[in-house]
1. Fewest first, what order do Tyr15, Tyr30 take by the number of other Cβ atoms within 10 Å?
2. Give me the angle, in degrees from 0 to 90, between the Cα long axis of helix 65-100 and the longest principal axis of the Cα atoms of the chain, rounded to the nearest 10.
3. Need the full-extension length gain, Ile87 to Glu14, defined as separation in residues times 0.36 nm minus the C-alpha distance. One decimal, nm.
4. Given N residues in the chain, what is Rg(Cα) / (2.2 N^0.38 Å)?
5. Which of rounded, prolate or oblate describes the stretch 22-76 when judged by the alpha-carbon gyration tensor and an a/c cut-off of 1.5?
6. Arrange the peptides 22-28, 83-89, 60-66 so that the one whose residues have, on average, the most other Cβ atoms within 10 Å appears first.
Amino acid sequence: MSFKPPYKRRKVPEYIRAEVVARDGVHCVYCGKGPLHKGKLYLDHIVAGSRGGQTTPANLTVSCGPCNMRKSARELNHYIEQRLLEIDRERRTLEALLLSTR
Ligand SMILES: [Zn+2]
């Protein structure tokens with residue numbers, strides 16, 4: 001599967017990264033994989049940036065690549081569900097408008 005996230009991923013500043021790694025260690029908090037070395041260690045936003053999550057140690061956790069990707073896919077699914085609801089609402093509004101002009 002290939003997709004473009006609907007939002008920009010912000011780079012986590014080095015001092016925040018260091019704090020999260022000092023707290024969580026170098027193993028994935030989701031699956032326990034590790035030790036994760038540079039390039040394999042990801043910081044996962046617990047509440048995604050697209051949903052107002054901040055890039056702060058409290059909202060970040062250590063994760064491996066596959067777990068980080070899985071979480072992104074879940075966030076994307078949530079985004080798609082919300083958009084479908086919006087489109088549905090818009091469709092019903094337009095249908096009502098169409099009926100009112102007949
Ligand atoms: Zn993992």
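1. Fewest to most other Cβ atoms nearby, the residues stand as Tyr15, Tyr30.
2. Helix 65-100 sits roughly 10 degrees off the main axis of the chain.
3. The span from Ile87 to Glu14 would gain 22.3 nm if fully extended.
4. On the way: Rg = 19.0 Å, N = 102, 2.2 N^0.38 = 12.8 Å.
Computed over Cα atoms of the chain, the ratio equals 1.49.
5. Because a/c hits 1.5 or more and a/b fails to exceed b/c, the stretch 22-76 counts as oblate.
6. Those peptides, ordered most packed to least, come out 60-66, 22-28, 83-89.
Laboratory data are not the source of any read-out in this text; all were calculated from the coordinates shown. All of these numbers come straight from a predicted model, not from anything done at the bench. Virtual Cβ from ideal backbone geometry, glycine too; neighbours counted across all protein chains shown.
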